[in-house]
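Worksheet for the structure shown next.
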Amino acid sequence: MAVDSLLSSPLRPPACENDAKALQFIEEMTRNADLVQEKVLAEILSRNATTEYLQRFKLNGATDRDTYKSRVPVVKYEDLQPEIQRIANGDRSAILSAHPISEFLTSSGTSAGERKLMPTIKEELDRRQKLYSLLLPLCARTGQGKRTILLVCQVRNKDSGGLLARPVLTSYYKSEHFKTRPYDPYNVYTSPNEAILCADSFQSMYTQMLCGLYERERVLRLGAVFASGLIRAIRFLQLNWPQLVQDIRTGSLNPKVSDPTVRDCMTRIVKPDRELADFITNQCSTDSWEGIIAKIWPNTKYLDVIVTGAMAQYIPTLEYYSGGLPMACTMYASSECYFGLNLNPMCKPSEVSYTIMPNMAYFEFLPHEPNSSGLTRDSPPRLVDLVDVELGKEYELVITTYAGLCRYRVGDILRVTGFHNSAPQFHFVRRKNVLLSIDSDKTDESELQKAVENASQLLRGFNTSVVEYTSYADTKTIPGHYVIYWELLVKDSANSPSAEVLEQCCLAMEESLNSVYRQGRVADNSIGPLEIRVVKSGTFEELMDYAITRGASINQYKVPRCVSFTPIMELIDARVVSAHFSPSLPHWTPERRRHVGK
Ligand code: AMP
């Protein structure tokens, strides 16, 4: 949709009274965006005035934007780590928030190789719930029916301070808000709560899939939060359909589903249905799975799944499996805060823009200039308010939340694509510093560099070194995997590293990557074994020549540490001399490593 039509497009007419209320709320918030932001900041600053953090900056009771911006610094997670660590260690004083910290939300973003811990407060659940309640009214009603949504809830981790530390969605699905949600005929999950909440990811996925198959004709929407999750569910079906079919044929439940609560609930659902079993067998036993979603769930109107940002790489795969069903990207959110909504959820993935809801937090925007950190001593950052961002410009999102994050850099780069009333709408451009991502893992350049360095230690005994490398997130395989291209300098060809040594290098790289990556490999099965492709010597020089013929400056040329442009991929793949995969799983345990030195 063109920017000018976004500027003027009214929301579609409401389908019922509740929809009307939701749409009216959005209208009010977006019409009064600046006023709402002013109020939100004043509310946060007055309630948190006595916190240790804000006291440090001597606001002296001021709650206005100018004073706040002039006294309180813009920070990154690492700046707050001492405070966060104290909370994790059990300090219950009002450090960041005057309201008690109810739990930590574990982000998929990492710091020093570990998931970031985001302190949150109870009432944030209400704010998240409010945003969820706006989603469906925005989607065109597709008729009354059920929805199957495949979720993976992760096991709770406890930290030493006695606070729970878990992913934001686990926190939401385990909350009373979700478990005791009022019945909404338009939003019925085919998955029972017991299956969604099961901590074992196999049993959870298996039983959700089974329910989804029994209800296949009633499913109107099919979703997971992120595209990678939905693809994982399809892969799960590929691997497990014979057993699922057997359960449907016989009416008995796979003994691997051993959780008593889940078994108890499923025995009320599982019944023999030979016709359904034959149907699923016919669909799943064909060689091509093209359009499988539309075949098994024929009434599906659209996929409810995020395919923006790093997830855009999965669009072709989802199109293949769904036979081209539309994909609705509804929400933009994080562990720190839920940000906003796509007011036009049925638009094409490339046209998705998120409208930040001004009631969720106080938002500021740091103009993003490529190749600059945005914060230097000579030029203090000039952050702009929500309503002051300019069309077409890129910004990094900075938030001040009710839970006590003050002027916190989220690390997301957004581009303004238009306005709804006075609230800007943003295209999610990318997350800063992310080179490789398959699922929720995010690997940056320095992590990759460290992993290559660590792995290349194994080559020392062979008088061999890695002279250049680059990488690629290969999502054509299921699950996707990291491919690292290595150009080697072998000084003694009689003693070059064997295939086994290079396999060990793959594993050494995996051991060096952050805990979210390793969890994806070990517990979630969402990432396949890392692959090293050794390329002919001289390949990286050819890459440089290619870049120069396309206009790169020879003086400024830097080896790209990640490649995705097809001609470059073709060039580099044509020069691969050997490929090696990680032979085993790296280490990962659900326990957080204690912070070094803390
Ligand atoms: P987490 O810290 O694990 O909660 O992940 C939050 C991050 O996921 C955000 O800061 C974004 O980088 C990314 N994200 C969340 N929602 C979207 C979306 N709708 N489109 C693209 N990226 C998203």
Looking at residue 579, is it surrounded by 11 or more Cβ atoms within 10 Å (Cβ to Cβ) and in contact (Cβ under 8 Å) with a residue 60 or more places away in the chain? no
So how many residues does segment 519-563 have that are among the small types (Gly, Ala, Ser), in a loop (DSSP other than H, G, I, E, B) and within 18 Å of residue 441 (Cα to Cα)? 3
Only one of these is surrounded by 22 or more Cβ atoms within 10 Å (Cβ to Cβ), within 16 Å of the ligand (Cβ to nearest atom) and not polar (S, T, N, Q): 212, 223. Name it. 223
Among (1) among the acidic types (Asp, Glu); (2) within 16 Å of the ligand (Cβ to nearest atom); (3) touching a helix residue (DSSP H, G or I) at 6+ places or on another chain (Cβ under 7 Å) - the single one residue 259 does not satisfy: (2)
Does residue 563 meet the test of being in contact with a strand residue (DSSP E or B) (Cβ under 9 Å, 6 or more places away or on another chain) and on the phi < 0 side of the Ramachandran plot? yes
I'd like to verify a number: residues in segment 66-108 that are in contact with a Leu (Cβ under 9 Å, 6 or more places away or on another chain), among the acidic types (Asp, Glu) and within 16 Å of the ligand (Cβ to nearest atom), how many? 1
With the first residue restricted to segment 79-93 and required to be in contact (Cβ under 8 Å) with a residue 24 or more places away in the chain, and the second required to be open to solvent by 50 Å² or more (accessible area, probe 1.4 Å) and part of a helix (DSSP H, G or I), Cβ contacts under 7 Å at 6 or more apart or on different chains are 93/52
Name every residue in segment 427-440 that is more than 10 Å from the ligand (Cβ to nearest atom) and open to solvent by less than 50 Å² (accessible area, probe 1.4 Å), in order of residue number. 435, 436, 438, 439
Restricting to segment 479-507, name every residue that is among the aliphatic types (A, V, I, L, M) and either part of a strand (DSSP E or B) or touching a Pro at 6+ places or on another chain (Cβ under 9 Å) (or both). 483, 484, 488, 489, 490, 507
Consider segment 237-251. How many of its residues are open to solvent by 10 Å² or more (accessible area, probe 1.4 Å) and within 24 Å of residue 187 (Cα to Cα)? 0
So residue 121 fits all but one of (1) in contact with a helix residue (DSSP H, G or I) (Cβ under 6 Å, 6 or more places away or on another chain); (2) more than 16 Å from the ligand (Cβ to nearest atom); (3) open to solvent by less than 30 Å² (accessible area, probe 1.4 Å); (4) not acidic (Asp, Glu); what number is the exception? (1)
Which is surrounded by 15 or more Cβ atoms within 10 Å (Cβ to Cβ) and under 27 Å from residue 318 (Cα atoms), of 567, 529, 586? 529
Here's a check for you: in segment 153-168, which residue that is over 18 Å from residue 195 (Cβ atoms) and at pLDDT below 85 is nearest to the ligand (Cβ to nearest atom)? 157
So residue 542, is it touching a strand residue (DSSP E or B) at 6+ places or on another chain (Cβ under 9 Å), open to solvent by 40 Å² or more (accessible area, probe 1.4 Å), modelled with pLDDT under 95 and acidic (Asp, Glu): no
Can you pull out every residue in segment 169-199 that is open to solvent by 30 Å² or more (accessible area, probe 1.4 Å), at pLDDT 85 or above, under 25 Å from residue 16 (Cβ atoms) and touching a strand residue (DSSP E or B) at 6+ places or on another chain (Cβ under 7 Å)? 189
So which of 308, 330, 300 ends up being within 16 Å of the ligand (Cβ to nearest atom), in contact (Cβ under 8 Å) with a residue 40 or more places away in the chain, of a type outside the set (A, V, I, L, M, F, W, C) and touching a strand residue (DSSP E or B) at 6+ places or on another chain (Cβ under 6 Å)? 308
Among the residues that make up segment 437-444, is at least one of them of a type in the set (A, V, I, L, M, F, W, C) and either at pLDDT 95 or above or in a loop (DSSP other than H, G, I, E, B) (or both)? yes
Mind counting the residues in segment 252-272 that are charged (D, E, K, R), assigned to a loop (DSSP other than H, G, I, E, B) and surrounded by 16 or more Cβ atoms within 10 Å (Cβ to Cβ)? 1
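The values are calculated or read from the model by the stated rules, or taken from the named source; none is laboratory data. Values in this document were obtained by computation on a predicted structure and should not be read as measured data. Backbone-built Cβ (ideal geometry, glycine too); neighbour counts: all protein chains shown. Each accessible area value is taken on the protein alone, full model and side chains, heavy atoms only, with ligands, DNA and RNA left out. Shrake-Rupley method; radii C 1.70, N 1.55, O 1.52, S 1.80 Å.
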